[in-house]
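The values are calculated or read from the model by the stated rules, or taken from the named source; none is laboratory data. No experiment lies behind these values; they were computed from the predicted model shown. In this analysis, Cβ positions are derived from the backbone assuming ideal geometry, glycine residues included, and neighbour counts consider all displayed protein chains. In case anyone asks, the SASA skips ligands and DNA or RNA and just uses the protein heavy atoms, side chains included. Shrake-Rupley method; radii C 1.70, N 1.55, O 1.52, S 1.80 Å.
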Amino acid sequence: MRREAGNARGRDTRTAPRQTKRVARPSKSLIAATQAEEREAVLQRFSVSRETAEKLDAYAALLQRWQAAINLVSPASLPHLWTRHIGDSLALHAVAPGPLRWTDIGSGGGLPGLVLAICNRTREGARVDLVESNNKKAAFLREASRELGLPVAVHAVRIEEAGAVIAGAEAVSARALASLDVLLGFVAPHLSPNAACFFPKGESFEAEIAQASAQWRFDMVKHPSTTGGEDAAILEIRNVARL
C-alpha cells in the first residue's frame, strides 16, 4: 500500500510557508497631490516669503531625491513631508526667531536644522551647526547646504564629541532624537549661560518632563505646537543643572 505524506489518516501536516504581508506604498501621484495641498497650507500658516518658499521647495526636492538611496525621513511620512517635517521645523523658528547661532544635534535629514538655516539665511552673522554622525546623512547635509547656499557647517561626529560646537550656540535644537533626560545629558555640560534649548516633543512630553525632573533642574516654557496637535509642544529649556 502507498503511504501518504502526513499523519496516519493521510492528512498533510507539513507547515505551509508563512505569507509576508506587504504594506502598499502610496503612489507617486498620490504623494505629489498630498504634498501640493499641504504645502500651500503650511506656507500660508507661517506667512513664508516667496524667496523662502523657493528655498523650501528646493530642499524638499533634494531630500526626496536622496531619500531613494538613504532613509532621511520615515517613508510612510513622505506624503506629509510639508506638515510632518517642514511645517514642524517652521513652527520652531516661529517660536524662536531671535537666535543667530544654532546648533542642531542629530540633524539627520536637516530637520529642523536646514529649515532654520533657510529662514535665517539673509541675517548677518547667522549660522547653523549640524551635528550628524552618520556619514551618508552628513554627505546629504553638506550637499543640501551647498546647493541652497546656506550658512551651515556640518560636523560628522558623535554628539558626545561636539561639546565645543554646542558651547558656541545661542540655541540648541533636536527633533525626534532622544528622550528629554538624555538630551539634557548631551547638552548640559556645554551650554553657555544664556543659551536655550528648543525641543519639539510629541504626545509623551509630559512623561518625559517628569522623568527628566528626577535628574535635572531646569527652567522651562511649554510652547503649544501648531503642527503636532494638542498632545505636542515645543519645550524651551534654560539653566540646566544636574540634581
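Identify the residue in the stretch 91-101 that is hydrophobic (A, V, I, L, M, F, W, C) and part of a loop (DSSP other than H, G, I, E, B) and, among all such residues, is farthest from residue 74 (Cα to Cα).
Step one: list which residues in the stretch 91-101 are hydrophobic (A, V, I, L, M, F, W, C), which gives 91-92, 94-96, 100.
Next, only the ones that are part of a loop (DSSP other than H, G, I, E, B) stay: 96, 100.
Working: 96: 26, 100: 29 Å.
Selected residue: 100.
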Quiz item: Wholly within the stretch 124-237, which strands (runs of 3 or more DSSP E) include no fewer than the required count, namely at least 1 residues that are closer than 28 Å to residue 61 by Cβ and open to solvent by 70 Å² or more (accessible area, probe 1.4 Å)?
Solution: 127-131
Exercise. Please find, among 124, 203, 208, the residue that is free of Cβ contacts under 8 Å to residues at least 40 places away in the same chain and within 17 Å of the chain's Cα centre (by Cα).
Key: 203
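Tell me yes or no: at least one residue of the stretch 144-154 is of a type in the set (D, E, K, R) and more than 23 Å from residue 99 (Cα to Cα). Can you show your working first?
Within the stretch 144-154, the subset of a type in the set (D, E, K, R) is 146-147.
Keeping just the survivors that are more than 23 Å from residue 99 (Cα to Cα) gives 147.
Scanning the stretch 144-154, I find at least one residue that is of a type in the set (D, E, K, R) and more than 23 Å from residue 99 (Cα to Cα), so the answer is yes.
What is the residue count in the stretch 102-123 for residues that are among the acidic types (Asp, Glu) and in a helix (DSSP H, G or I)? Before you say what the answer is, go through the steps one by one.
Filtering the stretch 102-123 down to residues among the acidic types (Asp, Glu) leaves 104.
Still in the list and also in a helix (DSSP H, G or I): none.
Counting residues in the stretch 102-123 that are among the acidic types (Asp, Glu) and in a helix (DSSP H, G or I) gives 0.
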Practice problem: Restricting attention to the stretch 103-122, report how many residues are in contact with a His (Cβ under 7 Å, 6 or more places away or on another chain) and open to solvent by 10 Å² or more (accessible area, probe 1.4 Å). | Solution: 2
Practice problem: Run down 72, 111, 130, 78 and say which single residue is within 20 Å of residue 164 (Cα to Cα) and touching a residue at least 12 places away in the same chain (Cβ under 8 Å). | Solution: 130
Self-check item: Cross-chain or 6+ apart pairs with Cβ under 6 Å, the stretch 175-192 first and farther than 19 Å from residue 112 by Cα, then buried (at least 22 other Cβ atoms within 10 Å of the Cβ)
Solution: 181/212; 190/166
Quiz item: Taking the stretch 56-74 on its own, how many of its residues are open to solvent by less than 70 Å² (accessible area, probe 1.4 Å) and either of a type in the set (Ser, Thr, Tyr) or farther than 21 Å from residue 116 by Cβ (or both)?
Solution: 3
